[in-house]
Amino acid sequence: MRDRYAVVGHPVAHSKSPQIHAEFARATGQELEYGRIEAPLDGFERTVEEFRSQGGKGLNVTVPFKEAAFRYCRSLSPRARAARVVNTLVLTGAEVFGDTTDGVGLVADLTRNLGFELFRKNLLLMGAGGAAQGVVQALLDAGVARLLIANRTVSRAEELAGRFTGASACGYDALPAQAFDLIVNATSAGLADEAPPLPEQLLGNGVLAYDMVYGRETPFLAAARRAGARTSDGLGMLVEQAAEAFFVWRGVRPETRPTLAKLRAALRGS
Ligand code: ATR
């Protein structure tokens, strides 16, 4: 029987992970199956237990279960322990190992796909929820000069920044006028067709505005484009975090560019 993997979330019907992992498996000659599982909002652990008892080897975890996955794991990678969110589960017998590949996925997309060098750059990260938590350590590890976390609820940004040496926090009304090289939107505002209250002057020429949401131009990206900034959605991060999860499971690193190009073309066509 082929090794079984899946993505678990709620909702999960539109997840592109099955397509991405099928492409990776084909390209690397790995024999595996990859499905999607919608867990009830109060039934994450139950769902994982069932998948495990059926011999499942690994899961990708998506919204809203990344914190529940962190609590569920019996052992954790250092990056998952720092992030306190888990998006990749490795299931071996009774062992449940949790990892977080979103941070390296974002950094790989920025550096390899977008040609953006993070070393000594000034970064603004918007949001302090699960999505933001998953990427702070990887951005700091890339040697940025400054990582400022802004959030609507300032105390959440302060709590998050306080966990990492080198990060600081503020509210949107207290943002410095100083230019940032990169502004990452890790809020869920775009999903509600809203944008965080970012002062327009921070979006001028020379900034890379990155939104973790993919497949549509969020109000944040639209404002950045109008202001002359370079923009990117999070499709590349999605593919890169998947490649890292594939590597964690299979020990083989798939090429990401062909898969990213295919997904991008499909989104343009739709
Ligand atoms: P996720 O796992 O997607 O990060 P989350 O943990 O619910 O989801 O966090 C959502 C993030 O988006 C939070 O940082 C939230 O800000 P608050 O902590 O102040 O709630 C942010 N967010 C959501 N809608 C927003 C909006 N319209 N403007 C600004 N920030 C918003």
Legend entry - Per-q log10 I(q)/I(0), the stretch 58-211, q = 0.12, 0.15, 0.18, 0.20 Å⁻¹ (Debye; single scatterer per alpha-carbon; no solvent): -0.51, -0.78, -1.08, -1.29
Inset, instruction - Between the alpha-carbon centers of the stretch 240-270 and the stretch 155-182, tell me the distance in whole angstrom. - result: 31 Å
Inset, instruction - Return an integer: the convex hull volume of the alpha-carbon atoms of the stretch 1-119, in Å³ per residue. - result: 119 Å³
Legend entry - Coarse-grained scattering of the stretch 170-270 at q = 0.13, 0.14, 0.23 Å⁻¹, given as base-10 log I(q)/I(0) from a Debye sum over alpha-carbon atoms: -0.55, -0.62, -1.17
Inset, instruction - Calculate the spin-label point distance for E255 paired with L114, positioning each point 7 Å from the Cα along the beta-carbon direction, and give it in nanometres. - result: 2.4 nm
Inset, instruction - Pop out the carbon and sulfur fraction of the accessible area of the stretch 221-270 as a percent, whole number, probe 1.4 Å. - result: 51 percent
Inset, instruction - Working from the alpha-carbon coordinates of the chain, get Rg over Rh, Rh being the Kirkwood radius. - result: 0.96
Inset, instruction - Taking 7 Å along the Cα-to-C-beta vector as the label spot, tell me the Q54-S168 distance in nanometres, rounded to one decimal. - result: 5.1 nm
Inset, instruction - Find, among the GluC sites (Glu not before Pro) in the stretch 196-270, those assigned to loop by DSSP (not H, G, I, E, B) with at most 13 other beta-carbon atoms within 10 angstrom. - result: E255
Legend entry - DSSP bridge orientation in the chain - percent antiparallel, rounded to nearest 5: 20 percent
Legend entry - Residue-count net charge about R79 - beta-carbon cut-off 12 Å; Lys, Arg +1, Asp, Glu -1: -2
Inset, instruction - Return one whole number: the accessible area per residue of the chain in Å², for a 1.4 Å probe. - result: 45 Å²
Legend entry - the stretch 48-177 - charge dipole about Cα centre, Lys and Arg +1 at Cβ, Asp and Glu -1, debye rounded to 20: 160 debye
Legend entry - Under 15 Å, Cβ to Cβ, from F220 - net charge with Lys/Arg +1 and Asp/Glu -1: -1
Inset, instruction - Using a cut-off of under 18 Å, list every residue of the stretch 242-264 whose amide N is near the label point 7 Å from the Cα of H14 along the Cα-to-beta-carbon line. - result: 263-264
Inset, instruction - Would you mind giving the three semi-axes, in whole Å and largest first, of the ellipsoid equivalent to the stretch 49-131 according to its Cα gyration tensor? - result: 29, 13, 11
Legend entry - R264 versus S188: modelled label distance in nm, points set 7 Å from Cα along the beta carbon direction: 2.9 nm
Inset, instruction - For the chain, compute the number of Lys pairs whose alpha carbons are separated by less than 20 Å, excluding pairs fewer than 8 positions apart on the same chain. - result: 4
Inset, instruction - Would you mind checking the radius of gyration and Dmax of the stretch 136-188 based on alpha-carbon positions, in Å? - result: 10.7, 28
Inset, instruction - Net charge near P40: determine it from the other residues with C-beta under 15 Å of the C-beta of P40, scoring Lys and Arg +1 and Asp and Glu -1. - result: -3
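The values are calculated or read from the model by the stated rules, or taken from the named source; none is laboratory data. Since this is a predicted model, take the numbers as computed values, not measurements. A quick note on method: Cβ atoms are made from the backbone with ideal geometry, for glycine too, and the neighbour counts reach across all protein chains shown. When the accessible area is computed, the model is the full protein with side chains, heavy atoms only, and any ligands, DNA or RNA have been set aside. Shrake-Rupley method; radii C 1.70, N 1.55, O 1.52, S 1.80 Å.
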